[in-house]
Amino acid sequence: MTLTYRPGDGVLHRLDPRAKLALQAGFAAAAFAHTTAVGLAVLTPFAAVAPRLAGASVRDAVGEFLLVAPFLLVAPLVAGLTLGEPWFRTAPAVQAALASYRVVLLLLVAAAYVYSTPVRDSRAALRWLLPGKLGAATGVGVALVFRFLPVLQGDLRARRDAVNARLGDDRSLRERMRLVGVGGLGRALSRADRLAVALRARCFAWNPTSPPLAYARRDWLATAGALALAAAAVAPLLAA
(Lines give C-alpha, C1' and ligand atoms only; values in the text may rest on other atoms or scores of the structure.)
Protein backbone atom coordinates (compact mmCIF):
# COMPACT_ATOMS: atom_id res chain seq x y z
CA MET A 1 0.00 0.00 0.00
CA THR A 2 1.03 3.63 -0.52
CA LEU A 3 0.23 6.38 1.96
CA THR A 4 -1.24 8.93 -0.41
CA TYR A 5 -4.49 10.70 -1.25
CA ARG A 6 -7.31 8.48 -2.51
CA PRO A 7 -10.04 10.30 -4.45
CA GLY A 8 -13.52 9.53 -3.17
CA ASP A 9 -16.71 10.88 -1.68
CA GLY A 10 -16.40 9.66 1.91
CA VAL A 11 -17.39 11.63 4.97
CA LEU A 12 -13.86 12.89 5.54
CA HIS A 13 -13.42 13.77 1.86
CA ARG A 14 -16.23 16.31 2.19
CA LEU A 15 -14.78 18.03 5.27
CA ASP A 16 -12.75 21.21 5.09
CA PRO A 17 -9.04 20.40 5.69
CA ARG A 18 -8.97 22.87 8.59
CA ALA A 19 -11.72 20.91 10.34
CA LYS A 20 -9.79 17.68 9.82
CA LEU A 21 -6.62 19.22 11.23
CA ALA A 22 -8.61 20.38 14.26
CA LEU A 23 -9.95 16.86 14.75
CA GLN A 24 -6.44 15.42 14.56
CA ALA A 25 -5.13 17.92 17.08
CA GLY A 26 -8.02 17.31 19.47
CA PHE A 27 -7.66 13.54 19.18
CA ALA A 28 -3.90 13.71 19.79
CA ALA A 29 -4.38 15.94 22.84
CA ALA A 30 -6.97 13.56 24.30
CA ALA A 31 -4.77 10.52 23.60
CA PHE A 32 -1.77 12.07 25.36
CA ALA A 33 -3.84 13.31 28.30
CA HIS A 34 -5.56 9.95 28.81
CA THR A 35 -2.88 7.34 28.11
CA THR A 36 -4.60 4.80 30.32
CA ALA A 37 -6.31 1.53 29.53
CA VAL A 38 -9.75 3.12 29.93
CA GLY A 39 -8.87 6.30 28.05
CA LEU A 40 -7.37 4.50 25.07
CA ALA A 41 -10.27 2.04 25.02
CA VAL A 42 -12.68 4.96 24.68
CA LEU A 43 -10.61 6.50 21.86
CA THR A 44 -10.12 3.23 19.96
CA PRO A 45 -13.54 3.23 18.17
CA PHE A 46 -12.87 6.76 16.87
CA ALA A 47 -9.46 5.74 15.50
CA ALA A 48 -10.84 2.52 14.01
CA VAL A 49 -13.67 4.25 12.17
CA ALA A 50 -11.48 7.08 10.82
CA PRO A 51 -9.96 5.12 7.87
CA ARG A 52 -13.41 3.84 6.91
CA LEU A 53 -14.74 7.39 6.77
CA ALA A 54 -11.90 8.08 4.32
CA GLY A 55 -12.87 5.18 2.06
CA ALA A 56 -10.17 2.79 3.33
CA SER A 57 -9.95 0.08 5.95
CA VAL A 58 -8.09 -0.34 9.21
CA ARG A 59 -6.00 -3.04 7.55
CA ASP A 60 -4.96 -0.61 4.81
CA ALA A 61 -3.96 2.03 7.34
CA VAL A 62 -2.03 -0.40 9.56
CA GLY A 63 -0.23 -1.76 6.51
CA GLU A 64 1.22 1.68 5.82
CA PHE A 65 3.19 1.63 9.07
CA LEU A 66 4.51 -1.93 9.27
CA LEU A 67 8.08 -0.60 9.42
CA VAL A 68 7.46 0.92 12.86
CA ALA A 69 5.65 -2.15 14.22
CA PRO A 70 8.82 -3.89 15.54
CA PHE A 71 9.78 -0.79 17.52
CA LEU A 72 6.30 -0.51 19.04
CA LEU A 73 6.32 -4.20 20.00
CA VAL A 74 9.82 -4.19 21.48
CA ALA A 75 9.37 -0.94 23.45
CA PRO A 76 7.48 -2.56 26.39
CA LEU A 77 10.09 -5.30 26.72
CA VAL A 78 12.95 -2.82 26.73
CA ALA A 79 11.17 -0.56 29.22
CA GLY A 80 10.56 -3.45 31.62
CA LEU A 81 14.06 -4.93 31.62
CA THR A 82 16.42 -4.13 34.50
CA LEU A 83 20.10 -4.90 35.09
CA GLY A 84 19.38 -6.57 38.42
CA GLU A 85 16.62 -7.97 40.57
CA PRO A 86 13.77 -8.35 39.73
CA TRP A 87 15.13 -8.27 36.10
CA PHE A 88 11.76 -7.21 34.71
CA ARG A 89 9.38 -4.56 36.06
CA THR A 90 5.75 -4.73 35.05
CA ALA A 91 4.74 -1.10 35.65
CA PRO A 92 7.19 0.49 33.14
CA ALA A 93 6.37 -2.22 30.61
CA VAL A 94 2.65 -1.50 30.90
CA GLN A 95 3.22 2.24 30.48
CA ALA A 96 5.34 1.63 27.40
CA ALA A 97 2.71 -0.72 25.98
CA LEU A 98 0.03 1.93 26.45
CA ALA A 99 2.26 4.51 24.79
CA SER A 100 2.85 2.16 21.84
CA TYR A 101 -0.87 1.57 21.46
CA ARG A 102 -1.43 5.33 21.60
CA VAL A 103 0.95 5.70 18.66
CA VAL A 104 -1.07 3.14 16.70
CA LEU A 105 -4.27 5.12 17.26
CA LEU A 106 -2.61 8.37 16.20
CA LEU A 107 -1.25 6.72 13.06
CA LEU A 108 -4.72 5.46 12.11
CA VAL A 109 -6.15 8.97 12.38
CA ALA A 110 -3.20 10.43 10.46
CA ALA A 111 -3.64 7.87 7.66
CA ALA A 112 -7.33 8.78 7.39
CA TYR A 113 -6.36 12.43 6.95
CA VAL A 114 -3.86 11.63 4.19
CA TYR A 115 -6.31 9.33 2.40
CA SER A 116 -9.03 11.99 2.35
CA THR A 117 -7.12 15.24 1.77
CA PRO A 118 -5.49 16.42 -1.48
CA VAL A 119 -2.02 17.88 -1.05
CA ARG A 120 -3.17 21.28 -2.33
CA ASP A 121 -5.86 21.44 0.35
CA SER A 122 -3.38 20.61 3.11
CA ARG A 123 -1.05 23.31 1.85
CA ALA A 124 -3.87 25.86 1.71
CA ALA A 125 -4.97 24.99 5.26
CA LEU A 126 -1.44 25.45 6.61
CA ARG A 127 -1.05 28.77 4.82
CA TRP A 128 -4.33 29.90 6.40
CA LEU A 129 -3.22 28.72 9.83
CA LEU A 130 0.28 30.23 9.57
CA PRO A 131 0.09 33.42 7.51
CA GLY A 132 3.14 34.99 5.90
CA LYS A 133 6.40 33.35 4.89
CA LEU A 134 6.23 30.81 7.72
CA GLY A 135 2.95 29.41 6.41
CA ALA A 136 4.23 29.40 2.84
CA ALA A 137 7.41 27.55 3.81
CA THR A 138 5.52 25.06 5.99
CA GLY A 139 2.96 24.45 3.24
CA VAL A 140 5.69 23.80 0.70
CA GLY A 141 7.43 21.38 3.04
CA VAL A 142 4.26 19.41 3.75
CA ALA A 143 3.31 19.33 0.07
CA LEU A 144 6.72 17.98 -0.94
CA VAL A 145 6.67 15.33 1.80
CA PHE A 146 3.19 14.12 0.84
CA ARG A 147 4.17 13.91 -2.83
CA PHE A 148 7.67 12.55 -2.33
CA LEU A 149 7.01 9.89 0.34
CA PRO A 150 4.85 7.58 -1.85
CA VAL A 151 7.51 7.74 -4.56
CA LEU A 152 10.23 6.72 -2.11
CA GLN A 153 8.05 3.89 -0.80
CA GLY A 154 7.65 2.63 -4.35
CA ASP A 155 11.40 2.82 -4.94
CA LEU A 156 12.15 0.78 -1.82
CA ARG A 157 9.61 -1.88 -2.81
CA ALA A 158 11.10 -2.06 -6.31
CA ARG A 159 14.60 -2.35 -4.86
CA ARG A 160 13.51 -5.10 -2.46
CA ASP A 161 11.79 -7.04 -5.27
CA ALA A 162 14.91 -6.70 -7.43
CA VAL A 163 17.11 -8.09 -4.64
CA ASN A 164 14.72 -10.99 -4.03
CA ALA A 165 14.61 -11.76 -7.78
CA ARG A 166 18.40 -12.14 -7.67
CA LEU A 167 18.29 -14.79 -4.93
CA GLY A 168 18.38 -12.18 -2.18
CA ASP A 169 16.53 -14.62 0.09
CA ASP A 170 19.70 -16.70 0.26
CA ARG A 171 21.70 -13.79 1.69
CA SER A 172 21.89 -12.80 5.34
CA LEU A 173 19.45 -10.30 6.76
CA ARG A 174 22.25 -7.76 7.21
CA GLU A 175 23.31 -8.10 3.57
CA ARG A 176 19.74 -7.72 2.32
CA MET A 177 19.24 -4.61 4.49
CA ARG A 178 22.48 -3.16 3.11
CA LEU A 179 21.50 -3.78 -0.50
CA VAL A 180 17.99 -2.37 -0.10
CA GLY A 181 19.02 0.52 2.16
CA VAL A 182 22.02 1.71 0.13
CA GLY A 183 20.17 1.36 -3.14
CA GLY A 184 17.10 3.11 -1.76
CA LEU A 185 19.19 5.96 -0.34
CA GLY A 186 20.97 6.45 -3.66
CA ARG A 187 17.65 6.52 -5.45
CA ALA A 188 16.24 9.05 -2.97
CA LEU A 189 19.22 11.40 -3.40
CA SER A 190 18.92 11.13 -7.16
CA ARG A 191 15.24 11.99 -7.04
CA ALA A 192 15.93 14.93 -4.72
CA ASP A 193 18.44 16.35 -7.20
CA ARG A 194 16.01 15.94 -10.07
CA LEU A 195 13.24 17.53 -8.01
CA ALA A 196 15.39 20.58 -7.28
CA VAL A 197 16.21 20.99 -10.98
CA ALA A 198 12.54 20.56 -11.94
CA LEU A 199 11.42 23.19 -9.43
CA ARG A 200 13.94 25.72 -10.73
CA ALA A 201 13.04 24.94 -14.35
CA ARG A 202 9.39 25.63 -13.61
CA CYS A 203 10.08 28.93 -11.83
CA PHE A 204 8.87 27.52 -8.52
CA ALA A 205 6.71 30.05 -6.63
CA TRP A 206 6.34 30.34 -2.88
CA ASN A 207 2.98 32.02 -3.20
CA PRO A 208 0.79 30.03 -5.63
CA THR A 209 -2.99 30.40 -5.88
CA SER A 210 -4.55 28.17 -3.23
CA PRO A 211 -7.88 26.37 -3.64
CA PRO A 212 -10.81 28.13 -1.94
CA LEU A 213 -11.62 27.02 1.58
CA ALA A 214 -15.13 27.37 2.99
CA TYR A 215 -16.69 26.05 6.20
CA ALA A 216 -20.01 24.18 5.92
CA ARG A 217 -22.28 22.90 8.67
CA ARG A 218 -20.53 19.54 8.78
CA ASP A 219 -17.21 21.35 9.29
CA TRP A 220 -18.58 23.22 12.30
CA LEU A 221 -19.80 19.91 13.72
CA ALA A 222 -16.33 18.41 13.23
CA THR A 223 -14.77 21.44 14.91
CA ALA A 224 -17.15 21.06 17.84
CA GLY A 225 -16.00 17.46 18.16
CA ALA A 226 -12.38 18.62 18.11
CA LEU A 227 -13.11 21.14 20.86
CA ALA A 228 -14.79 18.43 22.93
CA LEU A 229 -11.70 16.24 22.61
CA ALA A 230 -9.48 19.17 23.57
CA ALA A 231 -11.67 19.89 26.60
CA ALA A 232 -11.37 16.24 27.65
CA ALA A 233 -7.60 16.62 27.44
CA VAL A 234 -7.54 19.82 29.51
CA ALA A 235 -10.05 18.67 32.14
CA PRO A 236 -7.53 16.60 34.21
CA LEU A 237 -5.19 19.60 34.36
CA LEU A 238 -7.94 21.86 35.65
CA ALA A 239 -9.02 19.31 38.22
CA ALA A 240 -5.49 18.91 39.60
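The values are calculated or read from the model by the stated rules, or taken from the named source; none is laboratory data. Computed from a predicted model, the values in this text were never measured in an experiment. For neighbour counting, all protein chains shown are included, and Cβ atoms are generated from backbone atoms with ideal geometry for every residue, glycine included. Ligands, DNA and RNA are stripped out before the accessible areas are found, and what is left, the full protein with its side chains, is counted by its heavy atoms. Shrake-Rupley method; radii C 1.70, N 1.55, O 1.52, S 1.80 Å.
Checked against the criterion of being open to solvent by 40 Å² or more (accessible area, probe 1.4 Å) and either modelled with pLDDT of 90 or more or over 27 Å from R18 (Cα atoms) (or both), the candidates V151, V78 yield just one match: V78. For segment 13-29, does any single residue satisfy the condition of being open to solvent by 60 Å² or more (accessible area, probe 1.4 Å), at pLDDT 90 or above and over 16 Å from the mean Cα position of the chain (by Cα)? There is at least one residue in segment 13-29 that is open to solvent by 60 Å² or more (accessible area, probe 1.4 Å), at pLDDT 90 or above and over 16 Å from the mean Cα position of the chain (by Cα).
The helices (runs of 4 or more DSSP H) falling completely within segment 31-124 that include 1 or more residues that are of a type in the set (D, E), within 21 Å of G154 (Cα to Cα) and assigned by the TED database to the domain that holds A231 map to 58-63. Out of contact with any strand residue (DSSP E or B) (no Cβ under 9 Å at 6 or more places or on another chain), at pLDDT 85 or above and aliphatic (A, V, I, L, M) - does that describe any residue in segment 113-121? Yes, the conditions are met somewhere in segment 113-121. Residues in segment 96-126 that are more than 21 Å from G26 (Cβ to Cβ) and not hydrophobic (A, V, I, L, M, F, W, C): S100, P118, R120, R123. When we screen A240, A201 for residues that are farther than 30 Å from A31 by Cα and either modelled with pLDDT under 75 or surrounded by fewer than 11 Cβ atoms within 10 Å (Cβ to Cβ) (or both), the only hit is A201.
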